[in-house]
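Bear in mind that the values in this text are calculations on the coordinates, not laboratory data. All of these numbers come straight from a predicted model, not from anything done at the bench. With ideal geometry, Cβ positions are generated from the backbone for all residues, glycine too; neighbour counts draw on all protein chains shown.
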Amino acid sequence: MLTSIDELLKPKETSRIDESEFAQPLQAALQIGLVNILRSWNIHPDAIVGHSSGEVAAAYGAGAITAGESIISAYYRGLGTKLARENGIMAAVGMGRDEVTPFLIDGAMIGCENSQSSVTLSGAEIPILKVMERIKQARPDVFVRKLKVAMAYHSRKIFPQHHQTFRTDKCRSHEGTGLKVPAFSGQTDHWKEAQSSFLLQCHRGGHHRGG
């Protein structure tokens with residue numbers, strides 16, 4: 001039986017770690033492991049923030065769902081993106097929203113605002129590549145890098161998949177007893193709505209938010 005360790009240790013030529021249905025549950029497993037290690041050291045969070053696929057492990061850390069439910073949710077989230085008809089790409093850029101906005105063209109958008117000096121662009125391949133080239137020419141000092149994903153997460157190209165639902169008998173119990181610490185969901189923008197957002201992770205192929 002293939003385990004997460006087996007997949008992580010595969011050589012580049014045979015590894016499937018960049019495929020979303022593998023990458024997302026592997027990521028969740030690593031994050032859950034980190035939460036468990038911190039708990040074993042009696043280190044507990046005062047609050048939890050979940051963003052994108054990280055909402056799965058955040059839901060586990062907050063007590064909303066179990067570790068098993070987290071892995072199942074991450075798998076179906078990854079599978080949902082794989083089944084999306086339209087692919088796209090993403091790029092990391094060392095600029096803030098105001099700086100990068102003049103470089104954007106139709107088909108390229110800001111998928112994530114990571115900080116005041118870092119954004120992730122998302123959209124169709126050709127527009128994103130054009131924007132990257134425009135930035136490199138105008139601002140050669142700025143960090144610009146294409147991400148190793150074949151999907152335009154957090155863009156309008158993936159947004160229809162937000163409504164795709166996968167159900168499984170293994171993920172209906174919601175054995176988590178509810179949020180044990182305050183939690184913020186990047187999907188809802190509200191603390192009070194985080195619990196319902198996290199609980200949806202087990203029944204939905206993840207949150208793909210168009211920005």
Completion exercise
Once phi for every residue in segment 14-21 is put through the Karplus expression 6.51 cos²θ - 1.76 cosθ + 1.60 (θ = phi - 60°), the whole-Hz ³J(HN,Hα) values, with Gly and Pro written as x, are 10, 5, 10, 5, 7, 7, 4, 6
Practice task
For a quick protection proxy, order the peptides 6-15, 142-151 by their average other-Cβ count within 10 Å, most packed first.
Solution key: 142-151, 6-15
Problem - Over 27 Å (Cα to Cα) - which of K10/K146; K82/K130; K10/K180; K82/K180 fall in this group - result: K10/K180; K82/K180
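Restricting to Cα pairs below 8 Å that are 6+ residues apart, what does the relative contact order work out to for segment 89-146? Please round to a whole percent. If you can, show how the numbers build up before the last one.
Details: 102 pairs, mean separation 25.6, N = 58.
Relative contact order, segment 89-146: 44 percent.
Test of the criteria: in segment 29-107, which chymotrypsin sites (Phe, Trp or Tyr not before Pro) are in a DSSP loop and have at most 16 other Cβ atoms within 10 angstrom of their Cβ?
Numbers: sites: W41, Y60, Y75, Y76, F103; in loops: W41.
Those that pass, being in a loop and sparsely packed, are W41.
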Handout entry: Amide H contacts of N87 (H built 1.01 Å from N, under 5 Å, at least 5 apart or other chain)
Key = none
Exercise for the section: Starting from the amide H of A183, placed 1.01 Å from N in the peptide plane, find each other amide H under 5 Å away whose residue is 5 or more places distant or on another chain. Expected result: I48
